[in-house]
Amino acid sequence: MGPGPVFRIELITGARRTRYFALRAFYVLILLWVVGQAYNSMSNARRFGTMMPGGDTSEMTIAEMSTYAYNIFSSILVVQILAIVFLTPAMVAGVIADERRRKTLHYLLASQLSSGEIVLGKLFARLLHIAVFVALGLPVMSLLTLFGGIDPRLVALSAALSLSLAYFLGGLSILVSTTSRSPREAVSVAYMLAIVGLVMPPMIEQMRALLAWPWDWVYEWCRPINDWIRVISPISFLNMSFRASMGQYVETLAWMVGLQIVYGSVFVLLAVLRLRPGFRKEGGPSRVGSLAKNMARARRLLPRPACGDDAMLWKERFVARTSGLTKGLILLVSLGIIGAIIATSIELIRNAALEAYFLGSDGGVRGARHNFNVYVRVLTGFVTAGWLLAVAAAASASITSEREGDTWISLMASTLDPHEVLRAKLVGSIWSLLPIPLLMMVYWAIGLAVGSVHPFGAAVAFLELCLFTAFAVTLGVYFSLTMKSSARALAATVGTMIFLNGAYLFCIVPMMRNERMELFAGFGPFLVALALLTPTEYTQMWNGSAFTYRRDFGELIFASVLGSLWYGAGAALMFGLSHARFDEFVERPRRF
């Protein structure tokens, strides 16, 4: 059937998984919410038109129907592309790595199946589930051709873009899966490469317009490569006006879809060619790998301390579970992100420092220092969101990785008590990712030095960050303790974190007439960023003045306290439950 028996068995097993039905139902709800929000926006605009002289809202005009249709079309296309970007690596990146983890890959390779049948069968079976998400939005888009005059060719082009993007990401993910040791590592690397490949090239193009020397020299050096990668990003298509000519759409999408198919086919071919040679080399490290490892040990800048009495904590802190390739990719991506942050903030820091030097504290926070505060808040929101997801994902594999590595039984046979194991897993999940919040805190310190951030706001933001981090790691450890595989624990942890940190607003906000700050009590990154008050806002808070964002300070304080108590209580509850029922979860006899 199709590419072979692997394709057939993947379809049969995939059709029985409940999470796919749940994802489709949730995706349909998001589409309905998008249509409802577009209708509410149009209704509000028409109600505002009644206040103008000669306003008539008896029926929608042709122009209003066209605008309404284009708003729905663009919103659905954005949601569809985001769904493909977030779902494809999660569904595809772990297929080969999971066979390796379950030690069933060598049975497949020992059979009469070719490498192409194995790779293509798993890839196309998972991509078929992604194609269902594209098909779910087609009926609504097709109806828009009758209601608002959307060109049917534009609907077909958008479907082609979605399918080619899914194929490109699927090829990249299946290649990563053939080189990774665990599904968690494969999914993490696939997400990292996908985000870098789709977001960084357009960002580099935008930075060229914002920054002068020496960025011009750097851009000229990397422009040939960036131009060929930037074309495959759907951001360039989404930035186009939906009222542009059909010729512009066809030219842009022809290059985009064509290159996505070519790049995806190259990735699939490499995965097929590497599947068996890569598996043969797993018996031991190559000479080059051994030499590189010995050189790294000899040149270690910070030597490992003695193990001491807390062996479990030492192991979690200094023994990495990721491969050298993953570490190298993380290092390169981190350096690129840090460089972009520094490059875009140098001018803001200089202007804020000059304003603080000439005006001092008497001038209040305005102009350059206010702009730097806004920059720090935006940076804090994005970094906090990434930090919470990263530590939660790391914690979700802390115990399941021991089971998958056949080390959990020997660990439970030792004299370690539940408190030692849980404490080591919690601290170890945070330890390797500490540079992420440290970069953010450097900008907090700069904001304190130039007077853009008040010390009270920085202290509250740090306290909230600690509570939200504690909740993220305890949630990940709890799911890792109660589930049998890293893939399930990762999906449950990340899904819960996304829902609690903002996704729940899709269910609440449409039913509320007035947006209140209490609704954002669960949105951790938003609360941390909002807590970074300027000295002027701190004075206004005690004087009873209105908040900068036209909200009462009482609402802000209530939302911060409610969110902190909620996440703090959740962290304490999950840690207590994991500690009390540890032996029951791991099926170890109780010790009296």
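What the table below lists for this structure:
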read-out: Of all residues making up segment 455-507, the number that are part of a loop (DSSP other than H, G, I, E, B) and either open to solvent by 40 Å² or more (accessible area, probe 1.4 Å) or among the polar types (S, T, N, Q) (or both); value: 3
read-out: Given (1) part of a loop (DSSP other than H, G, I, E, B); (2) at pLDDT 85 or above, number of the condition Pro525 does not satisfy; value: (1)
read-out: Residues (within 15 Å of Ile174 (Cα to Cα) and of a type outside the set (Lys, Arg)) located in segment 263-277; value: Tyr263, Gly264, Ser265, Val266, Phe267, Val268, Leu269, Leu270, Ala271, Val272, Leu273, Leu275
read-out: Residue ranges of helices (runs of 4 or more DSSP H) in segment 367-422 with at least 3 members touching a Lys or Arg at 6+ places or on another chain (Cβ under 6 Å) and open to solvent by 10 Å² or more (accessible area, probe 1.4 Å); value: none
read-out: Long-range neighbours under 9 Å by Cβ, at least six apart or interchain, first residue under 18 Å from Leu113 (Cβ atoms) and open to solvent by 60 Å² or more (accessible area, probe 1.4 Å) within segment 1-30, second assigned to a helix (DSSP H, G or I) and among the hydrophobic types (A, V, I, L, M, F, W, C); value: Met1/Phe7; Met1/Leu11; Gly2/Leu11; Gly2/Leu120; Gly2/Phe124; Gly2/Ala125; Arg8/Ala125; Ile9/Ala125
read-out: Unique residue being of a type in the set (Gly, Ala, Ser) and farther than 30 Å from Asp98 by Cα when the list is Ala458, Ala489; value: Ala458
read-out: Some residue of segment 498-515 being modelled with pLDDT under 85, out of contact with any Pro (no Cβ under 6 Å at 6 or more places or on another chain) and under 30 Å from Gly367 (Cα atoms); value: yes
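So that you can scan it fast, the table gives a plain yes or no per residue for (1) open to solvent by 10 Å² or more (accessible area, probe 1.4 Å); (2) without any contact (Cβ under 8 Å) to a residue 24 or more places away in the chain; (3) assigned to a loop (DSSP other than H, G, I, E, B):
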{"residue": "Leu123", "(1), (2), (3)": "no, no, no"}
{"residue": "Arg126", "(1), (2), (3)": "yes, no, no"}
{"residue": "Leu146", "(1), (2), (3)": "yes, yes, no"}
{"residue": "Ser162", "(1), (2), (3)": "no, no, no"}
{"residue": "Tyr167", "(1), (2), (3)": "yes, no, no"}
{"residue": "Leu172", "(1), (2), (3)": "yes, no, no"}
{"residue": "Leu175", "(1), (2), (3)": "yes, no, no"}
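The values are calculated or read from the model by the stated rules, or taken from the named source; none is laboratory data. In this text the structure is predicted, and so the values were computed from the model without any measurement. Neighbour counts run over all protein chains shown; Cβ positions are idealised from the backbone, glycine included. The accessibility values were calculated without ligands, DNA or RNA, using every heavy atom of the protein model including side chains. Shrake-Rupley method; radii C 1.70, N 1.55, O 1.52, S 1.80 Å.
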